[in-house]
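Student: Just dropping this structure here.
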Amino acid sequence: MEVEEALRERIAGMERRISNLERLVRVSLMLNSTLSLEPLLETIIQVIIELTETEDCSIMLLDEKTGELRFRAARRMRREELEQIAVPLDNSIAGWIFRENKPLLIRDAQKDNRFYQGVDDKLNFCTRSIIGVPLQVRGRVIGVLEAINKRGDKEMSWEDVNVMTALAAQAAIAIENARLMEELRMAYEKLHELDRLKSDFISIAAHELRTPLSLILGYASFLRGSATGQASEQLDIVLQSAMRLNSLIGDMVNLRHIETGEAQLELGIFSLNDLVRVCLQEFLSLIRVKQQTVGLNLPSPPLMIEADRQKLHLVLGNLLSNAVKFTPAGGRIEVLACEREGKAWVAVRDTGIGIPRKEWERVFDRFYQVEPSLSRRYEGMGLGLSIAKGMVELHGGRIWVESEVGKGSTFVFHLPLTQSPGGV
């Protein structure tokens, strides 16, 4: 009979362990699919209480600022209470588990000199027995998982410790992932707020600057008409500076409209050939000053497109401005246009300084400069290509660059010849 009884107990123990393992597998799958921290912590606590048959369970995580363990979840404590309780790393059982990175089973907590009475006093609770295991992620302990007071007449066992250790390994990873997701969410919220503040600032600054700038341009133009000699030269400098500032304000406003989705297409049918010629004409004087040569290759008959003429003028203007700016004296600039596969293709090619391969995508980022900001030889805020990209994509097109350092760059964009009803 004793042999049979022992055999039944062994079978019951094995069945219990198999049941626990099956539960752990299911819980592991659930933990790995949960990225919200608070529901995750509640799930871990509920599972530990059920598997270890204890009265309560708590999760403490390290507070990096204070160097203390703080309760993040526990069945017997409300959230307001949790936030007020800290457990020191010295002179506490949880602190010992954290520092030693070892599990601990204590059947009589009141007689253990490491027991921290402060938590029981605050909660009017009596801790009799404790199982604690470290929560560890990639060799780093982030907290402690504890089960408190075995229910009924049973005693805590090392089998309970093994169950908690197995679950803690999965729980620690899930907790860390949830914390990282929470930090990422908060970072995105802050970034969104910064974007909103930046957009508001650009709108206000542009509005406040344009009125005095218009007065400056008006008076400078009026005075320039009657000035001679040195005064005329000084007024030319004032006008050039004011025009440059006006262009920068326009760039900021255009970028804001693109980013906020306020930019709208005003469609019309026009000759792409004529637009290219008009844009190029605006840069001829600067091209001659730098002794650069120009090549022009346009389709015949002229290519008619349906698009927003003003926005495409801005795209071409930015591309030509960059080509002239970054091409040394004596270099060459070419503009090509054609129809291909039902789309209008335009390329602006130069023999300038070129762009490293790793920078090809980044040059279209706002405010991005290939040159280090402290050693720049070329003026500009780094908005032109970002605006060009936004305007092309608003038409349903695409823009990219191909370049070789020291040999030049080719910026290419294409867009549909005819826009879809209602815009893009």
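Student: Could you identify the single residue in L314, L320, L286 that is modelled with pLDDT of 90 or more, under 41 Å from the mean Cα position of the chain (by Cα) and assigned to a helix (DSSP H, G or I)?
Tutor: When all the criteria are applied, what remains is L320.
Student: OK, next. Pick out the one residue from R26, R8, R78 that is at pLDDT below 80, closer than 25 Å to D120 by Cα and exposed (fewer than 12 other Cβ atoms within 10 Å of the Cβ).
Tutor: R78
Student: Oh, and also: Does any residue of the stretch 89-99 turn out to be modelled with pLDDT under 90 and hydrophobic (A, V, I, L, M, F, W, C)?
Tutor: no
Student: List the number of the failed condition for A86; all other conditions in (1) open to solvent by 50 Å² or more (accessible area, probe 1.4 Å); (2) at pLDDT below 90; (3) within 26 Å of Q46 (Cβ to Cβ) hold.
Tutor: Exception for A86: condition (1).
Student: Can you confirm whether I249 is open to solvent by less than 90 Å² (accessible area, probe 1.4 Å) and modelled with pLDDT under 65?
Tutor: Against the criterion (open to solvent by less than 90 Å² (accessible area, probe 1.4 Å) and modelled with pLDDT under 65), I249 qualifies.
Student: Spot the failing condition for Q281; the list is (1) touching a helix residue (DSSP H, G or I) at 6+ places or on another chain (Cβ under 8 Å); (2) open to solvent by 70 Å² or more (accessible area, probe 1.4 Å); (3) not charged (D, E, K, R), and only one is missed.
Tutor: (1)
Per-residue answers, yes or no, for (1) under 39 Å from the mean Cα position of the chain (by Cα); (2) buried (at least 18 other Cβ atoms within 10 Å of the Cβ):
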| residue | (1), (2) |
| --- | --- |
| N91 | no, no |
| G95 | yes, yes |
| F98 | yes, yes |
| D121 | no, no |
| V144 | yes, yes |
| W158 | no, no |
| L180 | yes, no |
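Student: In this structure, does K150 turn out to be surrounded by 15 or more Cβ atoms within 10 Å (Cβ to Cβ) and either over 34 Å from the mean Cα position of the chain (by Cα) or over 26 Å from P39 (Cβ atoms) (or both)?
Tutor: yes
Student: Which one of G261, G218 is at pLDDT 70 or above and more than 30 Å from L336 (Cβ to Cβ)?
Tutor: G218
The values are calculated or read from the model by the stated rules, or taken from the named source; none is laboratory data. Just so it is clear, the structure is predicted and the values come from calculations on it, not from any experiment. FYI the Cβ positions are ideal-geometry reconstructions off the backbone, even for glycines, and counts take in every protein chain you see. To get the accessible areas, we keep the full protein, side chains included, count just its heavy atoms, and leave off ligands, DNA and RNA. Shrake-Rupley method; radii C 1.70, N 1.55, O 1.52, S 1.80 Å.
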